[in-house]
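Scroll down for the structure; my scribbles are underneath it.
The values are calculated or read from the model by the stated rules, or taken from the named source; none is laboratory data. Predicted model only: the values in this text are computed from it and were never measured. FYI the Cβ positions are ideal-geometry reconstructions off the backbone, even for glycines, and counts take in every protein chain you see.
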Amino acid sequence: MEKIPYDEILNIQKKVNIVDVISGYLPIEQKGKNYFALCPFHDDHNPSMSISPEKQIYTCFVCGASGNVFNFVMNYEHISFSEACVKVAHEAGINLNIKTVRKTILKDSKYDKFYNMFDIANKYYQNNINTVYGKAALSYLKNRNIGNEEIKEFKIGLSLGDNNISKLLTKKGFDENEIIDIGLCGKNDSFLYDIFRNRIMFALDDKEGNVVGFSGRIYNGENESKYVNSKESVIFKKGKILYNYKRAFNHARDKKQIIIVEGFMDVIRLYTIGIKNVVATMGTAITKDHVDLILKLSKNVVLCFDGDKAGEKATISALDMLQEIGLEPKIIRLEDDLDPDDYVVKKGANSFLTHLKNPMSGLEFKLEIAKEKTDFNNYQDISNYVNYAATLLEKVNDDVVYELMVKKISKQTDLDISYIKSIINKVPKKERKIVTKPKIIIKNKYEKAEEYLIYYMLRNPDAILLYQNKASFLTNKTLSMIAIKILEFYELNHYIDVTNFTLFLQDDDKLIKEVLRIDAFDLPGNVKNDVLQDYIKTIDEGIIKREIEKTKQKINVEQDVAKKIILLEKLTALKKKECK
């Protein structure tokens, strides 16, 4: 893609707000005049990325990631700077005046054919359900209280027994082996056949909303497996996808909460009662990739898995994984071994909404499960229960919760509160991870003078002109490059502004990071010219001192007498210069 002119970049930046753009990727919260989010560029458990609406920059106080709105999109999406500009401009409704604008930025072209296959199949299935062949399927769905709105919203369709998908895709020129590999068709000898036949088809989307798989359900009482699901492929991996993610994104942000269920039918059912901030794991255990997606939705997580033993096990597994990264999910536990879909159908929306308003804590859930497995007439069972409870309560930091739960266990077991606390105190303390703080580099006055001069060059034209006319050079190569770029920027624009200067640097992350690090120094806003002169003088002194040291080292190793005399004369001249 061609390079976008600086004027165009500046125009886009003026029309967007970095807070709005980043909030489209991450949940953010306001603290004072700035906003904070979990940093996506390192394993962040506490919001450490600050977003300044005033400066239009972001900075992570832990990993040091920093930049402007385009740098964020570039690094988050793993795209080029120019592509990030196009994406931000498109989101802001700005028509870029450049020749080359790619229509798709994110999608890897080598997978386009697979997305196209699923798109063609999905449209075919959707069309089928609205024909005469779809009457029985529509009747089945409507009997389950899934109406036209949900059918359209979730791209529900119908596969027939005609093997038309295999014919349709081969006719369009798709490779037969790839159609098989992607899981839409199979082959028996030389006969290519459709995997999905005579089933209601539920489209499975990835996080961008592309159809990447299907789940087909029987509906006419057929004596076959209830569901047939797409096999995993290069574009469909259950461990990396949360069903309904794209639709739930804004709803979760608005509600400041995300509900996680097991199946896609649970999601669709909750939609029918107005709950749209919901995603599904599609029956797999929560993975690290799932957690990364969840963190982009909300830190307020509610787990509502099936009410049976398998659902309990899945809940505990998800709970442990989320607690490991510092989240404290709430739990909805449904009675009668029901999943959310069946629960709403059998017990009504109000019953489910009551559960949603009164979820359990993870601690309550684990103790409730343990209590149900305990025979309180059996001393060994009681001992096991109390010891297990102690391992959970040892981790509780909330004094009120701690006291209430100890009292509750005391009532359940007829043991004294003090005795239960003594058991908790005996629980071995879990070793805490030691976080290594970044090493503080102590800088000498010469290094500080170079940084301080750059600080004022980023905000004061007098400092720029003084550097241009008086300074020899900067010994720090990165700072020297920044100084050269500041001169270029000032000559072009006749003013200096930190945010606009980072735009001028475009995708040079190293320079931008260093600029924003120095810009964050707590130095006086106004500076007198004689102070700037002192910085220049100190920088020059540092240059001479380094040259003296280098010359001394050369003298020590030089064997040629004539050359040694020349070096000694140079050393004498440098020392005289140092004394001036």
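Here is a yes/no grid of residues against (1) modelled with pLDDT of 90 or more; (2) among the hydrophobic types (A, V, I, L, M, F, W, C):
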position	(1), (2)
Y455	yes, no
T475	no, no
Y495	yes, no
L505	yes, yes
R517	yes, no
N529	no, no
T538	no, no
I544	no, yes
T551	no, no
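The strands (runs of 3 or more DSSP E) falling completely within the range 189-273 that include 3 or more residues that are crowded, with 20+ Cβ neighbours inside 10 Å, among the aliphatic types (A, V, I, L, M) and in contact (Cβ under 8 Å) with a residue 40 or more places away in the chain map to 199-205, 258-261.
The rows are residues; the columns are (1) at pLDDT below 95; (2) in contact with an Asp or Glu (Cβ under 8 Å, 6 or more places away or on another chain); (3) farther than 19 Å from I424 by Cβ; (4) of a type in the set (D, E, K, R).
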position	(1), (2), (3), (4)
K330	no, no, yes, yes
L356	no, no, yes, no
P359	no, no, yes, no
D399	yes, no, no, yes
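To keep it simple, each residue is scored yes or no on (1) assigned by TED's automatic domain parsing to the domain that holds K152; (2) at pLDDT 95 or above.
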position	(1), (2)
N163	yes, no
N223	yes, no
Y227	yes, no
N244	no, yes
R253	no, no
G263	no, no
I268	no, yes
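One line per residue, one yes/no per condition, for (1) touching a residue at least 60 places away in the same chain (Cβ under 8 Å); (2) within 22 Å of N17 (Cβ to Cβ):
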site: K470; (1), (2): yes, no
site: T475; (1), (2): yes, no
site: T478; (1), (2): no, no
site: K485; (1), (2): no, no
site: F489; (1), (2): no, no
site: N500; (1), (2): yes, yes
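Of the residues making up the range 43-70, those that are of a type in the set (V, I, T) and either farther than 24 Å from F504 by Cα or without any contact (Cβ under 8 Å) to a residue 60 or more places away in the chain (or both) are I51, V62, V69. With the condition kept exactly as written, say whether any residue in the range 42-61 is farther than 20 Å from K15 by Cα and over 16 Å from the mean Cα position of the chain (by Cα). Yes - at least one qualifying residue is present in the range 42-61.
State all residues of the range 399-417 that are under 36 Å from the mean Cα position of the chain (by Cα) and crowded, with 16+ Cβ neighbours inside 10 Å; if no residue qualifies, say none. Across the range 399-417, the qualifying residues are Y402, M405.
Reported count of residues in the range 110-164, each being more than 15 Å from I268 (Cα to Cα) and outside any helix (DSSP H, G or I), is 8. Does V344 satisfy the condition of being without any contact (Cβ under 8 Å) to a residue 40 or more places away in the chain, in contact with a helix residue (DSSP H, G or I) (Cβ under 7 Å, 6 or more places away or on another chain) and over 30 Å from N46 (Cα atoms)? Answer is no for this residue. Against the conditions (1) in a helix (DSSP H, G or I); (2) surrounded by fewer than 17 Cβ atoms within 10 Å (Cβ to Cβ); (3) among the acidic types (D, E), E451 satisfies every one except (2). Scan the range 296-318 for residues that are of a type outside the set (D, E) and surrounded by 22 or more Cβ atoms within 10 Å (Cβ to Cβ) and the total you get is 7.
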